[in-house]
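Data block below; observations after.
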Protein chains: 2
Amino acid sequence: MKLTTRGRYAVTAMLDLAINGGSRPVSLADISGRQEISLSYLEQLFAKLRRGKLVVSARGPGGGYRLARSRTEIYVAQIIDAVDESVDVTNCQGKGNCHQGETCLTHHLWEDLSGQIHEFLSHISLGDLMEKRDPRNRSVSADGMLQTLSLR
Amino acid sequence: MKLTTRGRYAVTAMLDLAINGGSRPVSLADISGRQEISLSYLEQLFAKLRRGKLVVSARGPGGGYRLARSRTEIYVAQIIDAVDESVDVTNCQGKGNCHQGETCLTHHLWEDLSGQIHEFLSHISLGDLMEKRDPRNRSVSADGMLQTLSLR
DNA sequence: CTAATTCTTGACTAAAATAGTCGGGAATAG
DNA sequence: CTATTCCCGACTATTTTAGTCAAGAATTAG
């Protein structure tokens, strides 16, 4: 899990789409104007978002992008994963060296934390953000939630 | 809140310190060897960690760094904040334009999310990571926890 | 005291990621 | 037909990341 400015751009653009996309598609030019992101850069981002099945496109006049599904079914983690193509940072994997060494240990601890952050962002949808509501407040039992969020 | 590879290096190095730092300090050379991070780069990171009051140093033979306080009182968010010097990304602040525009709205939504991630990482200590334990599982009441994690 | 060790600091550099540019396409609504 | 919009690849400038180098200050061991 990595969280860079590109991820922020992507989430911002998707939020713009969720907010301004009613029945008709939203053009990248509109998003570019509102969010002050260069059109060509948006094109690159949306190419990835489309490959990630998060948006669908419509060409021609009146065309643009719309969310591929309900805003309550698109999660922040999916957006970031789509544009970030997370690189494998396993610098001890496959080499065969580093048997239970400190390197492996700390690396594993980081992986756990990274997994936790990913899990965290996997429960926040565009809809949740728009309503400024914590999705976990909807959970019926606190036990279930604790389990969801606990370390593996 | 930004989460880059530098933050990962810093957390990794601090974990190494927490694990290998008993009664005596740990030298950067040791950490460099174990974690395969260049010594000079570690020096830069630890300069910031020291300024952030997260570690204390001891010069001379047998010297090195040690945690400034207990591993249960050093949180991941503090480490990342110390090395990342988060840049302000308010591209509408102060300019006076953007009165409740879409730009401001989505920007604000991102700020909320960013704040949530920061809050999340503010509750995970080095000790928690080492014990692979979710700090929130310690909380007495689920209500209190829900409040802690809910959106502002 | 001396010498080895270790942190401290600043300037510099190579490599990678980020953000943006450009130019040409293809589809489609009107 | 034509304007609009997505689509795609190559290219470029800027910034960040990660690392290098060199000199110096503190401190401990002997």
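Here's how it looks for residue B:124: its modeled amide H is under 5 Å from those of B:76, B:77, which are all 5 or more places away or on a different chain. In order along region B:49-58, the Karplus-derived 3J(HN,Hα) couplings, from 6.51 cos²θ - 1.76 cosθ + 1.60 at θ = phi - 60°, round to 5, 5, 4, x, 6, 9, 9, 10, 10, 9 Hz, and Gly and Pro are given as x.
Ranked from shortest, the separations from the 7 Å Cα-to-Cβ label point of residue B:47 to its equivalents in the other copies are 3.9 nm. Computed 3J(HN,Hα) for region A:66-75, one whole-Hz value per residue from the Karplus formula 6.51 cos²θ - 1.76 cosθ + 1.60 where θ = phi - 60°, is 9, 4, 6, 7, 4, 5, 7, 10, 10, 9, glycine and proline marked x. As a calculated quantity, the FRET efficiency between residue B:68 and residue A:108 at R0 = 41 Å, using C-beta atoms, amounts to about 0.95. With a cut-off of 12 Å between beta carbons, the residues surrounding residue B:22 carry a summed charge of +3, where Lys and Arg count +1 and Asp and Glu -1. Looking at region B:1-92, the trypsin sites (Lys or Arg not before Pro) that sit in a DSSP loop and have at most 13 other Cβ atoms within 10 Å of their own Cβ are B:53, B:59, B:69. The spread of Cα positions in region B:1-46, taken along each principal axis and listed from longest to shortest, comes to 33, 20, 15 Å.
So, counting K/R as plus one and D/E as minus one, what does the shell of residues with Cβ under 11 Å around residue B:126 add up to? Value of the local net charge: -2. Among the GluC sites (Glu not before Pro) within region B:10-78, those in coil by DSSP and having at most 15 neighbouring Cβ atoms inside 10 Å are B:36.
Looking only at region B:57-79, which residues have a backbone nitrogen under 16 Å from a spot 7 Å from the Cα of residue B:24 in the C-beta direction? Answer for this model: B:58-67. 3J(HN,Hα) along region B:30-37: 5, 4, 4, x, 5, 8, 6, 10 Hz, from the Karplus curve 6.51 cos²θ - 1.76 cosθ + 1.60 with θ = phi - 60°, whole Hz, x for Gly and Pro. Residues of region B:20-40 with the amide nitrogen closer than 12 Å to a label point 7 Å from the Cα of residue B:57, along Cα-to-Cβ, please. Hits in region B:20-40 for residue B:57 at 12 Å: B:28. Length gained on full extension, residue A:39 to residue A:5: 10.6 nm, using 0.36 nm per residue less the C-alpha separation.
Each reported figure results from applying straightforward, stated rules to the coordinates on display, with no laboratory input. Please read all numbers here as calculations on a predicted model, not as lab measurements. Cβ sites come from the backbone with ideal geometry, for glycine too, and all protein chains shown count toward neighbours.
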